[in-house]
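The values are calculated or read from the model by the stated rules, or taken from the named source; none is laboratory data. No experiment lies behind these values; they were computed from the predicted model shown. Here the Cβ positions follow ideal geometry from the backbone for every residue, glycine too, while neighbour counts run over all protein chains shown.
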Amino acid sequence: MDKFRMIFQFFQSNQESFMNGICGIMALASTQMYSAFDFNCPCLPHYNLAYGLGILLVPPFILFLLGFVLNNNISMLAEEWRRPQGQRGKDPAVLRYMFCSMAQRAMIAPAVWVSVTLLDGKCITCAFCTSLPVETLGNASHPHLSPGEIQRVLARIPCKEIYNGQQLIANEVAVRYLRCISQALGWCFVLLITTLAFLVRSLRPCFSQAAFLKSRYWSHYIDIERKLFDETCAEHARSFAKVCIQQFFEGMSTDLVAARCHLPRKAPVDAGEAAEKLLGITDRGTMNMALKSWHRCKPPLHLHPPALPTGNGWAGEGQPPTHPSAPRRETAAYYSWV
């Protein structure tokens, strides 16, 4: 139980670890979905190809979109891309980093699905059973069969219980041939994905490590800034609601006192603290204006305090003139009474 708690805490440590955990769970779910999926080839010449390729490609596309939906950064990316310029410029490198990071994580589950499907071989067997080289694997000179009938016989290869073309081509030979091709494609796909991941991980620091670090830093900054803004808004809303409720009940108690219903009044303890958290925003219009201002013109990323004027009239334009002070010379005198 402690190990699961440690793993869960690691996933909650930051946004990147959380999304890695989500992608790992989706990858495991894709394998479980395929193992629980009941594959039924239609065994018809005009439907086998569509069914086989559909099972191979449509679920990965759905899993890819689901990976984007489960990623919390997709809304942050859309907000950062669509927001006005304001006082803070938009960095295209940060937007590209966020999109590429989400795309890489969203492609894990589809890659697992395609790999498992190709290594299993059912989809390729169903899709390309009508394209078998009968001249090489079977008896192409079988009498009394037109090309259309040969296609119908070959389309029944995935359905062993209704296959009746053993004299044309053996079912075991055809299935083994197509499954070997499918497994070869599966291992090539796994090798290709692994090689691409290795090249991206190993060669990226050699070319643009500084730009990558900057993009990663500001991407994390946008995520943290959004979380802190949401927390601040929630805290302000809580304080605003508390003050509104306290004022409501104070008004009700005043009305009851005016109606000669003497009730014990007790000063609220947290009224002053809640009022301080409002930061001067005490009405709905001002709060809406603050939210619109945050969206339209976010504050610039410059934390230096404004320069103060000095005695010689410098008001902060440029750097103040600095003169190196001359070293002070100290003289020590010793007196001796002899």
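Only one of these is within 26 Å of Leu53 (Cα to Cα) and at pLDDT below 85: Gly121, Gly86, Gly138. Name it. Please lay out each step first, then the result.
Values: Gly121 fails: at pLDDT below 85; Gly86 fails: within 26 Å of Leu53 (Cα to Cα).
Criteria check complete, one pass: Gly138.
Give me the pairs, please: first residue somewhere in region 103-125 and surrounded by fewer than 19 Cβ atoms within 10 Å (Cβ to Cβ), second residue anywhere and polar (S, T, N, Q) and part of a helix (DSSP H, G or I), beta-carbon distance under 7 Å, and either six or more positions apart or on two chains.
Cβ pairs passing all conditions: Val116/Thr31; Leu119/Gln183.
Right, Asn73: within 20 Å of Ala27 (Cα to Cα) and not basic (Lys, Arg) or not?
Numbers: within 20 Å of Ala27 (Cα to Cα): yes; not basic (Lys, Arg): yes.
Yes.
Pull out all pairs, ordered by first then second residue, where Cβ-Cβ is under 7 Å, the residues are six or more apart or on different chains, the first lies in region 31-54 and is within 20 Å of Glu161 (Cα to Cα) and in the same structural domain as Gly165 (by the TED database), and the second is loosely packed, with under 15 Cβ neighbours inside 10 Å and of a type outside the set (D, E, K, R).
Cβ pairs passing all conditions: Cys43/Ile162.
Only one of these conditions is not met by Leu57: (1) closer than 15 Å to Ala109 by Cβ; (2) hydrophobic (A, V, I, L, M, F, W, C); (3) at pLDDT below 85; (4) surrounded by 14 or more Cβ atoms within 10 Å (Cβ to Cβ). Which number is it?
(3)
If you scan region 30-53, which residues turn out to be aromatic (Phe, Trp, Tyr) and crowded, with 17+ Cβ neighbours inside 10 Å?
Step one: filter region 30-53 for residues aromatic (Phe, Trp, Tyr), giving 34, 37, 39, 47, 51.
Within region 30-53, Tyr34, Tyr51 qualify.
Tell me the residue from Ile162, Ile74, Ile181 that is touching a Lys or Arg at 6+ places or on another chain (Cβ under 6 Å), surrounded by fewer than 20 Cβ atoms within 10 Å (Cβ to Cβ) and hydrophobic (A, V, I, L, M, F, W, C), please. Steps first, please.
On the way: Ile74 fails: touching a Lys or Arg at 6+ places or on another chain (Cβ under 6 Å); Ile181 fails: touching a Lys or Arg at 6+ places or on another chain (Cβ under 6 Å).
Matching residue, one of Ile162, Ile74, Ile181: Ile162.
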